[in-house]
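Notes to accompany the following structure.
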Amino acid sequence: MPERRNRGFWLVVGSIGLACVLLVAAILYNAPMKETIGHAEATLRVAQAAAERIRDSKGSLGAADAATLAAADPTPTYRDAESASTGLDDVSIATGPTSWAAAVQARPGACFYIHLTDAGDVFYGVGTVCTGSVAMRAIEPRW
């Protein structure tokens, strides 16, 4: 009786094993990015809550500029509309007569935006320029 060869079996098993190792490596490599994105979104939520408190006390989101936010909540660093965010706890703020926006840099070239209006609308966005003035153009319903 001729000897059976299992070469095809081991080729398939080896390929599947290698694919599994590469998949696990990709997941582990990208895990810190998930934390970074979550931190950027949390920083924007903190700024949003502070802006909404200012709106409730002063009557408009337009009053929630960088200086007023820094006085109300000094935890993140707040910048004016044309100064770009430089990191996760650094927020660029823009205000209009009836709107407010913020941008936070998650990593170089990756920014998250939130845009609020006095009417209660909340918009989100992502982009590469991390300024509050760019965040004013955010129009998406979610990140």
(message) When the expected Rg is taken as 2.2 N^0.38 Å, what fraction or multiple of it is the alpha-carbon Rg of segment 1-79?
(response) 2.36
(message) Can you compute 3J(HN,Hα) from phi for each residue in segment 21-38, using the Karplus curve 6.51 cos²θ - 1.76 cosθ + 1.60 with θ = phi - 60°, rounded to whole Hz and x for Gly and Pro?
(response) 4, 5, 5, 4, 4, 5, 5, 5, 5, 8, 4, x, 5, 4, 5, 5, 4, x
(request) May I ask you to evaluate 6.51 cos²θ - 1.76 cosθ + 1.60, the Karplus curve with θ = phi - 60°, for each residue of segment 12-20 and list the ³J(HN,Hα) values in order in whole Hz, giving x for glycine and proline? (result) 5, 4, x, 5, 5, x, 5, 4, 5
(message) Using only the Cα atoms of segment 52-107, what are the Rg and Dmax in Å?
(response) 10.8, 34
(request) Just name one of Leu44, Val126, Ala102: the one whose Cα is farthest towards the positive end of the charge dipole of the chain (beta-carbon charges, Lys/Arg +1, Asp/Glu -1). (result) Val126
(message) Given the options Leu18, Ala63, Ser83, identify the residue whose Cα lies farthest towards the positive end of the charge dipole of the chain (+1 on Cβ of Lys, Arg; -1 on Cβ of Asp, Glu).
(response) Leu18
(message) Per residue, how big is the convex hull of the chain when only Cα atoms are used? Give it in Å³.
(response) 122 Å³
(request) Please turn the phi angles of segment 43-48 into ³J(HN,Hα) values with the Karplus equation 6.51 cos²θ - 1.76 cosθ + 1.60 (θ = phi - 60°), one per residue in order, whole Hz, x for glycine and proline. (result) 4, 5, 5, 4, 5, 4
(message) Suppose only helical runs count, i.e. DSSP H with n ≥ 4. What mean residue ellipticity at 222 nm does that imply for the chain under -39500 (n - 2.57) per run, divided by all residues and rounded to the nearest 500 deg cm²/dmol?
(response) -15500 deg cm²/dmol
(message) Check the chain for me: any Cys whose beta-carbon has no other cysteine beta-carbon within less than 4.7 Å?
(response) Cys20
(message) Between segment 122-137 and segment 9-24, what is the separation of their alpha carbon centroids in Å?
(response) 42 Å
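None of the figures in this text is laboratory data; all of them are computed from the coordinates on show. Everything numeric here is computed off the predicted structure, so don't read it as measured data. Don't worry about glycine lacking a Cβ; one is built from the backbone with ideal geometry, like all the others, and counts go over all protein chains shown.
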